[in-house]
1. Of everything in the stretch 52-109, what is among the hydrophobic types (A, V, I, L, M, F, W, C), in contact with a Leu (Cβ under 8 Å, 6 or more places away or on another chain) and assigned to a loop (DSSP other than H, G, I, E, B)? Give them in sequence order.
2. Mind listing whichever residues of the stretch 164-194 are in contact with a Phe, Trp or Tyr (Cβ under 9 Å, 6 or more places away or on another chain), under 13 Å from L146 (Cα atoms) and of a type outside the set (A, V, I, L, M, F, W, C)?
3. Which of the residues that make up the stretch 110-139 are in a helix (DSSP H, G or I), more than 22 Å from R60 (Cβ to Cβ) and acidic (D, E)?
4. Among residues belonging to the stretch 1-47 that are of a type in the set (D, E, K, R) and closer than 24 Å to T87 by Cα, point out the one that is nearest to the chain's Cα centre (by Cα).
5. State yes or no: is L205 surrounded by 14 or more Cβ atoms within 10 Å (Cβ to Cβ) and either polar (S, T, N, Q) or over 23 Å from the mean Cα position of the chain (by Cα) (or both)?
6. Among the candidates R91, R95, which residue alone is closer than 25 Å to T126 by Cβ, modelled with pLDDT under 90 and under 13 Å from the mean Cα position of the chain (by Cα)?
7. Which residue out of T62, T54, T7 is of a type in the set (V, I, T), surrounded by 15 or more Cβ atoms within 10 Å (Cβ to Cβ) and touching a Pro at 6+ places or on another chain (Cβ under 9 Å)?
Amino acid sequence: MKYTNTTIFAADPLTNAGITAFLQEDRSISLVPPVHLSQLEVAIVAAKVVDDGTLDLLDRLTSDTAAHAVLVTGPLRASTVERLARTRVHRILDRARIDCVQLVDATLEAGDSPDVLRLYDEGQQTERLSAQHTVVSDASEPAGDLSPREVEVLRLIADGFATEEIADRLSFSVRTVKNIVHQLTSRLNLVNRIHAVAHAVRVGLI
């Protein structure tokens, strides 16, 4: 049996444990610790938001190993995808929708296709990655830019509370709750409060 040597790079232990459980469903995937980068074929990089630290990690993996990366994250800015095209990211998966089959398939595909990225120039790789994932305009608000107060209001909406009940629980006026919902839906180009809740769930905020 051919084994695909895989390392997980996750920001928190819970995400690491979840990805580990998914990958252990396939015995052909061999999990190796980060200290053995010379053996690495696939890197699973999980990040709620792709920031400078994530990009630096992907750069190091590109320069120091022959591994291809599977990136598990939320929505990306167009400029971030262009930046990712200069690394060896093979697949991008949505952290809010990922399942075991998707992750295992992406890992095995990355391990079985070590030379495929050489077929693409930077522009083609940008298009390829953009087609795999939710990409927002650089002019849009970053997906994770909801204040704690906005997240708490959306969490209560998701739990079925009416505006008056939310105001009472948070010691806000009804007008304040309505303003919070109106401002965040306008800022993020969302249709209504249901759309706002769906957005927050999709990017992992609630």
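The values are calculated or read from the model by the stated rules, or taken from the named source; none is laboratory data. Predicted model only: the values in this text are computed from it and were never measured. Cβ atoms come from the backbone with ideal geometry, glycine included; neighbour counts cover every protein chain shown.
1. A66, A67, A85
2. Matches in the stretch 164-194: none.
3. Matches in the stretch 110-139: D112, E127.
4. Step one: list which residues in the stretch 1-47 are of a type in the set (D, E, K, R), which gives 2, 12, 25-27, 41.
Filter once more, keeping what is closer than 24 Å to T87 by Cα: 12, 41.
Details: D12: 13, E41: 21 Å.
The qualifying residue nearest to the chain's Cα centre (by Cα) is D12.
5. no
6. Step by step, each of R91, R95 is checked, and only R95 is closer than 25 Å to T126 by Cβ, modelled with pLDDT under 90 and under 13 Å from the mean Cα position of the chain (by Cα).
7. T7
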